[in-house]
Amino acid sequence: SSLAYQGYGRSLDLERLRMVNGFALNKLGAFRTILLDLPPEEGFRRSADKIERDRLEQESLSFHQRVREGYLRLADSCPERFRVVDASGGPESVQEQIEKHVLKYLTGRDPGGSF
């Protein structure tokens, strides 16, 4: 997430961030990531009733658009690691997609339908 938020969102040097991450993580990292993809406009709409926002939630729409683009680029560059889930549907739809990805990962079989 530091690459998406710091690199893409804040436009910091991606190679330097990768170097720092590599050092900090001692070359360890996630081998599977489920990315819940939601357009930032929809995220803002869903959180409109929230009274208190944290530092990242207070960022501009353009910041969140850059972060989303960063995550999608990371997913495209590492398809063996990332599974992108369309989070624009309701909670049940999102949960079903996640369960299918996890089941496929655990069993090595597609439980029906592909994404």
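The values are calculated or read from the model by the stated rules, or taken from the named source; none is laboratory data. Computed from a prediction, not measured in an experiment: that's the story for all the values here. Neighbour counts are summed over all protein chains in view; Cβ atoms, including those assigned to glycine, are modelled from backbone coordinates with ideal geometry.
Being surrounded by 10 or more Cβ atoms within 10 Å (Cβ to Cβ), under 14 Å from the mean Cα position of the chain (by Cα) and among the acidic types (Asp, Glu) is the requirement here; does ASP76 meet it? Explain how you work it out, then say what you get.
Numbers: surrounded by 10 or more Cβ atoms within 10 Å (Cβ to Cβ): yes; under 14 Å from the mean Cα position of the chain (by Cα): yes; among the acidic types (Asp, Glu): yes.
Spelling it out, ASP76 is indeed surrounded by 10 or more Cβ atoms within 10 Å (Cβ to Cβ), under 14 Å from the mean Cα position of the chain (by Cα) and among the acidic types (Asp, Glu).
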### Query
Taking the stated definitions as given, is GLN95 loosely packed, with under 14 Cβ neighbours inside 10 Å and under 16 Å from the mean Cα position of the chain (by Cα)?
yes
### Query
Can you find even one residue in segment 80-103 that is of a type outside the set (Ser, Thr, Tyr), in a loop (DSSP other than H, G, I, E, B), free of Cβ contacts under 8 Å to residues at least 60 places away in the same chain and closer than 20 Å to SER2 by Cα?
yes
### Query
What are the residues in segment 47-79 that are assigned to a helix (DSSP H, G or I), of a type outside the set (Gly, Ala, Ser) and over 30 Å from LEU106 (Cα atoms), if any?
LEU61, PHE63, HIS64, GLN65, ARG66
### Query
What tally of residues in segment 24-73 results from selecting those that are under 10 Å from the mean Cα position of the chain (by Cα) and among the hydrophobic types (A, V, I, L, M, F, W, C)?
6
### Task
Please find, among GLU15, GLU42, the residue that is part of a helix (DSSP H, G or I), within 21 Å of VAL94 (Cα to Cα) and either out of contact with any helix residue (DSSP H, G or I) (no Cβ under 7 Å at 6 or more places or on another chain) or modelled with pLDDT of 85 or more (or both).
GLU42
